[in-house]
């Protein structure tokens with residue numbers, strides 16, 4: 001990832017594409033985790049990478065690329081939310097033939113689901129919350145989580161499994 005960042009700074013379109021491919025999923029999950037609608041997060045990520053490309057000659061060398069991108073995306077999403085404006089490129093990037101109404105309905109369903117997940121997270125034990133965070137947001141393997149938390153792997157599997165049951169039940173009961 002660091003090599004891709006350095007490549008972007010030197011003007012390599014291939015490096016930008018590689019950086020996009022390697023970080024998109026995590027950026028998307030992070031934006032949704034912050035409570036933003038899925039479509040806004042997608043637009044924000046597109047805007048982020050266009051901004052990176054446009055500003056590549058003025059960007060700093062960073063040692064931790066992913067946190068840098070997370071921070072930048074959070075600022076983009078918060079600015080959009082605060083000003084209730086659309087991204088300048090959003091209409092040009094619309095690849096879907098969905099109607100505006102369909103998009104609004106999907107965004108509202110995603111927002112409701114996210115709110116239910118947040119409520120479900122409140123019902124988890126601290127260890128379950130930590131296991132979910134490490135597994136799904138930090139993308140650690142079960143072995144890595146076990147090492148980090150000084151538990152055995154079976155315990156981590158059980159914590160994640162029980163937490164997912166609680167979260168699924170919370171979302172299912174509120175639909």
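No value in this document is a laboratory result; all are computed from the given coordinates. Worth saying up front: this structure is predicted, and the values here are computed from it rather than measured. Virtual Cβ from ideal backbone geometry, glycine too; neighbours counted across all protein chains shown.
Before moving on, here are some points about what is shown:
- Stretching residue 121 away from residue 24 to a fully extended chain increases their span by 32.5 nm, per 0.36 nm per residue minus the current alpha-carbon distance.
- Cβ crowding within 10 Å, taken as a proxy for footprinting-reagent exposure, orders 34, 48 from fewest neighbours to most as 34, 48.
- Each distinct pair of alpha carbons in segment 100-173 adds a 1/r term; the inverse of their mean, the Kirkwood radius, is 13.3 Å.
- Here the simple spin-label model places points 7 Å from the Cα toward Cβ, and for residue 51 and residue 129 these points are separated by 2.9 nm.
- Shape call, the chain: gyration tensor on alpha carbons, a/c limit 1.5: oblate
- Between the Cα long axis of helix 153-173 and the first principal axis of the chain there is an angle of about 80°, rounded to the nearest 10.
- Estimated Rh, segment 2-93: Kirkwood, alpha-carbon pairs, angstrom: 13.4 Å
- Considering only alpha-carbon pairs that sit under 8 angstrom and 6 or more positions apart, the relative contact order computed for the chain is 21 percent.
- Residue-averaged 222 nm ellipticity for the chain, from DSSP H runs of 4+ at -39500 (n - 2.57), nearest 500: -23500 deg cm²/dmol
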